[in-house]
Amino acid sequence: MKLLLLDDDPEITDYAARLLRADGHHVDVASLGCDALFLGKCTSYDAMIFDRQLPDGDGIDILRELRRVGVRTPAMILSSLGGHEDRAEAFAAGVKDYLLKPFTGSEFLARVQSLALSRSPFAVDAPLMVAGLEIDCRAGEVRRFGLSIALSRQEYRILEYLAKHAGQVVTKSMILERIFGIYFAPGSNVVESYVRRLRAKIEVDMRNPVIRSIRNIGYSIEALP
């Protein structure tokens with residue numbers, strides 16, 4: 001993927017750029033909002049990653065200007081500003097994800113992968129097929145061989161979220177944020193609890209699980225070949 005990274009902290013940009021390039025991505029780096037604005041207008045990217053506190057302004061304002069001129073590239077904020085108002089302002093400006101500093105490399109890469117996938121959203125009417133399950137996004141139902149599987153609302157949303165990111169690692173904090181609206185909950189086992197209940201309802205052969213645990217990171221559902 002081709003990515004635009006905007007951050008004025010050289011340690012952050014060096015670390016993030018090395019992670020992304022090692023993962024096979026092409027990365028353009030900018031330390032000023034004006035440079036990112038120019039690159040965003042004249043270059044086609046798969047995703048953009050912006051800091052907020054810049055020497056020449058706020059990364060949110062850069063994104064607003066790009067949206068104003070028709071740039072619809074998925075964007076993620078990478079910032080130490082983590083208040084609810086900060087996040088609300090970012091999402092209102094068109095941000096797809098918001099990751100707090102400091103961050104781990106595995107979390108960062110997983111979110112970037114998820115961000116890029118959002119460029120080609122699934123059709124609402126198209127059922128998702130994973131490991132023998134049919135997930136009807138329009139009806140909010142899950143079936144196996146035509147028989148409905150009763151899931152709670154949150155269990156369904158977790159399964160749908162994992163299925164929409166099949167082949168990618170979804171971190172526990174991503175599930176907390178997207179499904180439960182919780183942005184910081186150290187020591188919480190709410191995700192593990194719901195995934196355990198979900199597995200009890202959908203798994204047939206635990207030797208070949210539908211939902212795979214990625215140690216210390218999160219979960220994944222294998223994409224169909």
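The values are calculated or read from the model by the stated rules, or taken from the named source; none is laboratory data. Owing to the predicted nature of the structure, the values given are computational and were not obtained by experimental measurement. All Cβ positions, even for glycine, are placed from backbone atoms using ideal geometry, and neighbour counts span all protein chains on display.
Restricting to the range 128-185, name every residue that is part of a loop (DSSP other than H, G, I, E, B), surrounded by 13 or more Cβ atoms within 10 Å (Cβ to Cβ) and without any contact (Cβ under 8 Å) to a residue 60 or more places away in the chain. Correct list: CYS137, LEU151, HIS165, ALA166, GLN168, ILE182, ALA185. In the set ARG196, ARG207, only one residue is among the basic types (Lys, Arg), at pLDDT 90 or above and exposed (fewer than 14 other Cβ atoms within 10 Å of the Cβ); that residue is ARG196. Taking first residues from the range 194-218 that are not assigned by TED's automatic domain parsing to the domain that holds ARG143 and partners that are among the aromatic types (Phe, Trp, Tyr) and at pLDDT 85 or above, no Cβ contact under 6 Å between residues at least 6 apart in sequence or on separate chains turns up. Here ASP86 does not fit the description of being in contact with a strand residue (DSSP E or B) (Cβ under 6 Å, 6 or more places away or on another chain), not assigned by TED's automatic domain parsing to the domain that holds LEU176 and not hydroxyl-bearing (Ser, Thr, Tyr). Cβ-Cβ contacts under 7 Å between residues 6 or more apart (or on different chains), taken from a first residue in the range 93-119 that is within 22 Å of ALA166 (Cβ to Cβ) to a second residue that is among the hydroxyl-bearing types (Ser, Thr, Tyr) and outside any helix (DSSP H, G or I), are listed as LYS96/SER118; GLU107/THR171; ALA110/THR171.
The C-beta contact set for the range 54-80 (first residue assigned by TED's automatic domain parsing to the domain that holds GLY94, second residue of a type in the set (S, T, N, Q) and surrounded by fewer than 18 Cβ atoms within 10 Å (Cβ to Cβ), distance under 9 angstrom, 6+ apart or interchain) comprises LEU54/SER31; PRO55/SER31; GLY59/GLN53; THR73/SER44; PRO74/SER118; SER79/GLN53; SER80/GLN53. Considering the conditions (1) among the β-branched types (Val, Ile, Thr); (2) at pLDDT 90 or above; (3) in a loop (DSSP other than H, G, I, E, B), ILE77 is excluded by exactly one of them, (3). Taking only the range 43-68 into account, find how many residues are in a loop (DSSP other than H, G, I, E, B) and either surrounded by 17 or more Cβ atoms within 10 Å (Cβ to Cβ) or touching a Lys or Arg at 6+ places or on another chain (Cβ under 6 Å) (or both). Residues meeting the conditions: 4.
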